[in-house]
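Heads up, the thing below is written out as structure tokens.
The values are calculated or read from the model by the stated rules, or taken from the named source; none is laboratory data. Bear in mind the structure is a predicted one, so any value in this text is a computation, not a measurement. Because the Cβ atoms are built from the backbone with ideal geometry, glycine has one as well, and the counts that use them run over all protein chains shown.
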Amino acid sequence: MLSPASEEFVALCRTQLKLVVTTLGASSLAVYLSETLSDRPSWSPVVVYPDSPSPLALSSALALPAAPLTGSSALPPVELFSSLANQLLLPLMYQNWVLGVLVAQREQQPWLAAEREQLQQVAQTLAIACVLDQRQQWLSHSSTALDQQQQHFENVLHQLRNPVAAIRTFVKLLLKHLEPSHRGRSLAEGIAKETERLMALLNDYRQQRADLPALSAAAPLTLVGTPIDLRVALAPLIEAAQARAEMEGKTFEVEIPDALPPLWLDTRVCQEVVSNLLDNAFKYTSTGSTIGLRLTVMAESVELRVWDNGCGIPAAVQPHLFTRGYRGVQSDSEVEGTGLGLAIAQELLRPYNLSLNVISPYPADSDHGTAFILTLPVHTTAVVGGSP
């Protein structure tokens, strides 16, 4: 369905009709637009000249076409048939669709060939203007809809802060009443850490929204990170993974060298990326499977590897893994997911000139298993943990 003509389009039509009256001496003019792009459109007048109808009532005397000229390989006609003398019906055509009709009439003198050509040019101008007008209105409508969705999303996030803050408070109170030796204290501490991480993500989003106007006009942001202790950054994720493995009947293996060099990255980015990788490994493996986290110190970097011995990822799927919303063969499975985790992880790493790589099957001599690898640059030659 076509949107109503905008004020700007109506003004352009008036200008063009005035030009036809002045240069060609037309006595009656009108521009009609189709209300729908269908086989039987209804027509609506946009501009009629003169404003006060003359004895010839254009709106009732028009012999308008019964259908848009679609589905035909022939070139569209530059004029349509009119039963009235000295009346021209010129379609406003776009890609074989009749968007509207320009009606021009003179009371006595018939239209010459050169005058018909000028009117055809006016009709072509109005057709292009109509298309641009419709596109502008569609973009405006889409922008409004996106703004409404964004506003709703921000409202939900704002409302989410309150229960998260309440959970954080309850956990702090719970920790005050749990002795250090209590078997449930480690679980409560894990909930507290994850709650703090969730609150940090909410605060980050709010800050990014505040900075968005300034960043949108700037060049792509490149970050260098800060030196982090990877063992400390991964500790809460390892603890949560161990608890999940116990609950789901799986094995979680951790291989971390005693001495690790400081690495260039943001702690929260590192945690978010590894958290996504571990979550996927747990979601897409069955009971009895093994998931692993391995750190390997290289000459100038540390290789972080999250792996599992699940069914693996088909080769045809792997190039699309980091596409937002893509779930591949898992889209038909019962495993819940949005297809956003890996895309978000890759986007978080991009400002640091880092990226994830996937290997499947893993190990290479098997027919199953998957590994995601992130190579992190070393900050200095100093080591964290162990002996210098």
Give the residues of the stretch 364-380 that are outside any strand (DSSP E or B), modelled with pLDDT of 90 or more and either closer than 20 Å to Leu304 by Cβ or touching a Leu at 6+ places or on another chain (Cβ under 7 Å) (or both), sorted by residue number. Gly369
Step by step: first the residues of the stretch 68-110, then only those that are modelled with pLDDT of 85 or more and farther than 20 Å from Ile128 by Cα, then the one that is surrounded by the most Cβ atoms within 10 Å (Cβ to Cβ). Which residue is that? Gln105
Starting from residues that are under 16 Å from Ala11 (Cβ atoms) and in contact with a helix residue (DSSP H, G or I) (Cβ under 7 Å, 6 or more places away or on another chain), keep the ones in the stretch 113-145 and report whichever is surrounded by the most Cβ atoms within 10 Å (Cβ to Cβ). Leu126
Restricting the search to the stretch 331-356, which residues are modelled with pLDDT of 85 or more and within 15 Å of Gln318 (Cα to Cα)? Leu342, Ala343, Gln346, Ser355, Leu356
